[in-house]
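Data first, discussion second: the structure below is written as structure tokens.
The values are calculated or read from the model by the stated rules, or taken from the named source; none is laboratory data. As the structure is a prediction and not an experimental result, all values here were calculated from the model. Using ideal geometry, Cβ is built from the backbone for each residue, glycine included, and neighbour counts are taken over all protein chains shown.
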Amino acid sequence: MTKNCKKCGKEFLIAKQEALFYEKKSLPEPFECPECRRNRRSGMRNVRKLYPRRCDKCGIELQSSYPEGVSFAVYCEKCYFEEVS
């Protein structure tokens, strides 16, 4: 069965086995082509960026997912566990 992608308009094929799988699991058939589905899924990924910065307590250099200048303290592992103990 062929369908047209609702996002890009490209025609794509839904194989018979794929259609049976969707029917068996009571899932709707896809409305986007495989490329648009892949792009949508990859857009939901939480890709982390690491920033070089200093611990707000002891000052050692570390890498964090938070850049310098955020409105809360960022500690190295040692200082963090001193704070929560």
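So the values come out like this:
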read-out: Test: residue 40 is within 25 Å of the chain's Cα centre (by Cα) and outside any loop (DSSP other than H, G, I, E, B); value: yes
read-out: Check on residue 3, touching a residue at least 12 places away in the same chain (Cβ under 8 Å) and either among the aromatic types (Phe, Trp, Tyr) or assigned to a loop (DSSP other than H, G, I, E, B) (or both); value: no
read-out: Candidate set from the range 7-20 (those that are surrounded by 10 or more Cβ atoms within 10 Å (Cβ to Cβ) and in a helix (DSSP H, G or I)); member that is farthest from the chain's Cα centre (by Cα); value: 20
read-out: Members of the range 21-62 found to be among the polar types (S, T, N, Q), modelled with pLDDT under 95 and loosely packed, with under 11 Cβ neighbours inside 10 Å, listed by number; value: 42, 46
